Amino acid sequence: MRNLTNCPCYNATVNRVTVNSIPDFTTDNMLQLQSLRLKSGVLQAPMAGCTDLAFRLIGRGYGLEFAFSEMIASEALIRNNQKTLTLLKNPAIDKPIGVQLVGSNPERMGMAAAMIETMGFDLLDLNCGCPVHKITGNGAGAALLREPGLAKRIFENVTRRVRRIPVTVKIRKGYADASGDEAFHLAKIAEQSGIAAITVHGRLSSQGYTGKADWDIIARIKQAVKIPVIGNGDVKNAEDAKRLVAVSGCDAIMVGRAALGNPWLYGSIHAALAGTDAPPPPSLEDVKKTVLQHVALEAQHDHEKMAILKCRRIVCWYFKNVPRGAEFRNRIHRSRTLEETREIIEEFCRGWSALLNSGSAFSLHQVS
Ligand SMILES: Cc1cc2nc3c(=O)[nH]c(=O)nc-3n(C[C@H](O)[C@H](O)[C@H](O)COP(=O)(O)O)c2cc1C
């Protein structure tokens, strides 16, 4: 068991919360990305609008080792855009951490990458998977899957300028071509350009986040390159994580949406991959403490107005599967202060607690 008092999240929190169970990381899962050595092969996915500092600190309190901040546009960084610089706050308690860059101009991507390297981050990732029209319309993100020549120039420019930290690439199965050939070719180009690892999200850009992730393309790329391959898409629980590793042979896995409101997932995946006993699911009290801690961290690291807006979504993540939760979520969405948000959470949990004490079954998957 890790010593919680050494845990970065523990020291950073406003309300000290005792976390029930954090399994040891297993050295079997070790991932070497050039100079960066990770003990855990379970990485948090970059998610714009979600993976802020508070989210990352909460995850780290439950066994997450490597986290990504939110995606950064190369042009905004070069212009010293204030909002972008805020996303790049890099406190010592939030490490190891990667930054993801998006853009389509090789020279400007190289410049932005060099700036990132001086900022103390541990890894730089290049986005070749964002399906949003605003991004692909500029030739960036997933559009690069169809422009391997341009992608190659970006990779080469960035790896030439960034020497101290590993540069990785995150791709999708393809833009709209279901054969997987676009991803295959881009992965080969990435390897030849000095890229340290490739994350493969097994969906087409045209699918957005719908449909099922294809893990066979992850297996195909794993067989085609020698650099580490990180598998991503549809890991919703520890069993999925084990299956993804078995099906694809990937070196590590990246977890996205399923960890929103469920930081316990990291611990259960570590246990499954290490072949140790699954940690007990969190109790209602654990969920309440953690969501309140998350709210407190948002308040600590953002100004009140922004924190309220963010917390309306965040709180709902934690209670997304609660029966009769619709009214609760409506109230959270209408709350005007963080104090009100806290009171609604407390009241809702009191109600559930009373039901549990009266013997009613609680069917939220993550609450025992
Ligand atoms: C709200 C949201 C924002 C995302 N933002 C990014 C991003 O900025 N960069 C990126 O590479 N992927 C982004 N993704 C994709 C995830 O990193 C991940 O590849 C995808 O959700 C599939 O993994 P999952 O099935 O575990 O969620 C985002 C996904 C969501 C749902």
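The values are calculated or read from the model by the stated rules, or taken from the named source; none is laboratory data. Here the structure is a predicted model, which is why all the values come from computation and not from measurement. So basically every Cβ, Gly included, is an ideal-geometry build from the backbone, and we count neighbours across all protein chains shown.
Here is how the numbers come out for the structure above:
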{"item": "Selected residue (criterion: nearest to the ligand (Cβ to nearest atom)) from residues of segment 197-217 that are under 13 Å from Pro131 (Cβ atoms) and assigned to a loop (DSSP other than H, G, I, E, B)", "result": "Tyr209"}
{"item": "Filtered residues of segment 124-142 (kept if surrounded by 22 or more Cβ atoms within 10 Å (Cβ to Cβ), away from the ligand (no atom under 12 Å from the Cβ) and assigned to a helix (DSSP H, G or I))", "result": "none"}
{"item": "Residue within segment 290-300 that is in a helix (DSSP H, G or I) and exposed (fewer than 13 other Cβ atoms within 10 Å of the Cβ) present", "result": "no"}
{"item": "Considering residues of segment 164-191 that are in a loop (DSSP other than H, G, I, E, B) and free of Cβ contacts under 8 Å to residues at least 40 places away in the same chain only, the residue nearest to the ligand (Cβ to nearest atom)", "result": "Tyr175"}
{"item": "Every residue from segment 70-85 that is exposed (fewer than 13 other Cβ atoms within 10 Å of the Cβ) and away from the ligand (no atom under 16 Å from the Cβ)", "result": "Arg79, Asn80, Gln82"}
{"item": "Tally, over segment 141-179, of residues that are in contact with a strand residue (DSSP E or B) (Cβ under 8 Å, 6 or more places away or on another chain) and over 21 Å from Ile221 (Cβ atoms)", "result": "2"}
{"item": "Residue that is near the ligand (Cβ under 10 Å from one of its atoms) and surrounded by fewer than 18 Cβ atoms within 10 Å (Cβ to Cβ), where the choices are Ala258, Ala274, Ala224", "result": "Ala258"}
{"item": "Residue in segment 111-118 that is in the same structural domain as Met47 (by TED's automatic domain parsing), part of a loop (DSSP other than H, G, I, E, B), surrounded by fewer than 24 Cβ atoms within 10 Å (Cβ to Cβ) and not small (Gly, Ala, Ser) present", "result": "no"}
{"item": "Failed criterion for Pro323 (all others in (1) closer than 27 Å to Glu70 by Cα; (2) in the same structural domain as Cys349 (by TED's automatic domain parsing) hold)", "result": "(1)"}
{"item": "Verdict on Lys242 being out of contact with any Asp or Glu (no Cβ under 7 Å at 6 or more places or on another chain) and farther than 19 Å from Gly63 by Cα", "result": "no"}
{"item": "Which numbered condition Gly194 fails, given (1) at positive phi; (2) within 11 Å of the ligand (Cβ to nearest atom)", "result": "(2)"}
{"item": "Residue check, Asp234 more than 10 Å from the ligand (Cβ to nearest atom), in a loop (DSSP other than H, G, I, E, B) and either assigned by TED's automatic domain parsing to the domain that holds Arg60 or modelled with pLDDT of 95 or more (or both)", "result": "no"}
{"item": "Filter result (more than 18 Å from the chain's Cα centre (by Cα), assigned to a loop (DSSP other than H, G, I, E, B) and not acidic (Asp, Glu)) within segment 253-289", "result": "Gly275, Thr276, Ala278, Pro279, Pro280, Pro281, Pro282, Ser283"}
